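The values are calculated or read from the model by the stated rules, or taken from the named source; none is laboratory data. All figures in this text were calculated on a predicted structure; none of them were measured in a lab. As a convention, Cβ positions derive from the backbone with ideal geometry for all residues, glycine included, and neighbour counts pool all protein chains shown. Accessible surface is based on the protein model in full, side chains and every heavy atom, while ligands, DNA and RNA are left aside. Shrake-Rupley method; radii C 1.70, N 1.55, O 1.52, S 1.80 Å.
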Amino acid sequence: MARMQVGQLNRNCNFRMKKGGGRTSRIRRRKLFRCSVSRGVNESYKPEFIELKKWLKDRKFEDTNLIPACFPGTGRGLMSKTSLREGQMIISLPESCLITTDTVIRSYLGTYIAKWQPPPSPLLALCTFLVSEKHAGDQSLWKPYLEILPQAYTCPVCLEPEVVNLFPKPLKAKAEEQRARVQEFFSSSRDFFSSLQPLFSEAVESIFSYRALLWAWCTVNTRAVYVKHRQRQCFSTEPNTYALAPYLDLLNHSPEVQVKGAFNEETRCYEIRTASNCRKHEEVFICYGPHDNQRLLLEYGFVSIHNPHACVYVSEDILVKYLPTTDKQMNKKISILKDHDFIEVQWNGIELLQARLASVTQQCGAST
């Protein structure tokens, strides 16, 4: 009797092992694993998002389609609460929620901007507003939005020089140009910052530091959406097309865009519509543009793993190094490449590289 029970127990164990270790079970486990890896973790319960939701509701915006979540690979983003249909409106953010140059002009900074000569740029106005509002802390009307903004950015301009030195030569050159541009932006703005001293009890130098302005510059550069504004005489002639869009700017980039957005002049809202179907609990993306990874890193501080616009930048010294040293027409080939803007431009693949070199060779052959 005892031996029968042991035998039955062994058979039961063998049965359960086969049931859990079969092909169907393995497929099921793989699907569950892929789902768990790609699905975001809901972050709407976090205090900063609860406050942001209240703040947006006071400004006549409520979202029923998306929730903040953290995703593997992309980090913080927006996740669909339900299945989304193609063409469905998923965000309609009222103009009152946007930070634009109109916002700045209506603020305490308006008088100072209006009388400053030469007129400051729209970018400087927005950066000044961000630094000032962040300094205001709890007193800022924009605090719920400021609280969810990154405290630091990963654009090359924010990286240490020893890190930038590790970049490929073309990217390193662009990164150094970017850093020089931001440093000049800061230096040329100091007098304007000094004019704002009556607004603050502390010295403006401690408020509008290079580090503070760099944070504001990166915030505008990485997060602003395109909204065209009328040209004001109090601003320089630089394009006035920036708008910071709270909550909406949580949408991450994908080259295979799932949504499209624009400012609706009739409703006075920035609207986002799906361009394709989206399943429940998937991350919803927006496309920042058909950018290669160098552009994405420089402007936004990240790269896209599966980027159809990926390319390689080839410098003159690399071409000279790998073209045959016995080639008597080397200088002429390099000259033709320069004339056609093929030096240090993006080459999207070996086929394109071969085609361009073949074209250069034909031109050289025709001229001999």
| request: May I ask you to give the solvent-accessible area per residue for segment 215-301, in square angstrom, as obtained with a 1.4 angstrom probe? | output: 47
| segment 61-215, accessible surface, carbon-and-sulfur percent (1.4 angstrom probe) | 53
| Where only protein heavy atoms count, and the probe is 1.4 Å, what is the accessible area per residue for segment 34-129 in Å²? | 49
| Rank 105, 148 by accessible area, highest first, at a 1.4 Å probe radius? | 105, 148
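Would you mind getting the Kirkwood hydrodynamic radius of segment 61-132 from its Cα pairs, rounded to one decimal in Å?
15.4
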| said: Taking the Cα of residue 135, stepping 7 Å toward and past its beta carbon, and measuring to each backbone N in segment 182-204: which are under 15 Å? | reply: 189-204
| message | How large is the accessible surface of residue 271 in square angstrom, using a 1.4 angstrom probe and rounding to the nearest 10? | response | 20
| said: Quick query: amide H of residue 252 versus all other amide H atoms, modeled in the peptide plane; which residues come in under 5 Å with a sequence gap of 5 or more or a different chain? | reply: 78, 286
| How many angstrom lie between the C-alpha centres of segment 196-221 and segment 41-68? | 28
| remark: Net charge (Lys, Arg +1; Asp, Glu -1) of residues whose beta-carbon lies under 14 Å from that of residue 200, residue 200 excluded, is -2
| task | Between beta-carbons, use under 12 Å as the cut-off and find the net charge around residue 268, counting Lys and Arg +1, Asp and Glu -1. | result | -4
| query | For the modelled label position 7 Å from the Cα of residue 54 along Cα-to-Cβ, which residues of segment 229-260 have backbone nitrogen atoms closer than 14 Å? | reply | none
| Relative contact order for segment 91-160: what is it in percent, counting Cα pairs under 8 Å that are at least 6 residues apart? | 20
| Which one of 170, 137, 156 is farthest out on the positive end of the charge dipole of segment 128-193, using unit charges on Cβ (Lys, Arg +1; Asp, Glu -1) and the Cα centre as origin? | 170
| Fraction of accessible area attributable to carbon and sulfur, segment 239-295 (%, probe 1.4 Å) | 46
| In nanometres, what is the gap between the two model label sites at residue 187 and residue 64, each 7 Å from Cα along Cα-to-Cβ? | 5.5
| note | Phi angles of segment 101-115, converted by Karplus (6.51 cos²θ - 1.76 cosθ + 1.60, θ = phi - 60°) into ³J(HN,Hα) in whole Hz with x for Gly and Pro, give 5, 5, 4, 5, 5, 6, 8, 4, 7, x, 4, 5, 5, 4, 9
| remark: For 286, 90, 318, the accessible-area ranking with a 1.4 Å probe, largest leading, is 318, 286, 90
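How would 302, 200 line up by accessible area, probe 1.4 Å, largest first?
Largest accessible area first, the residues go 302, 200.
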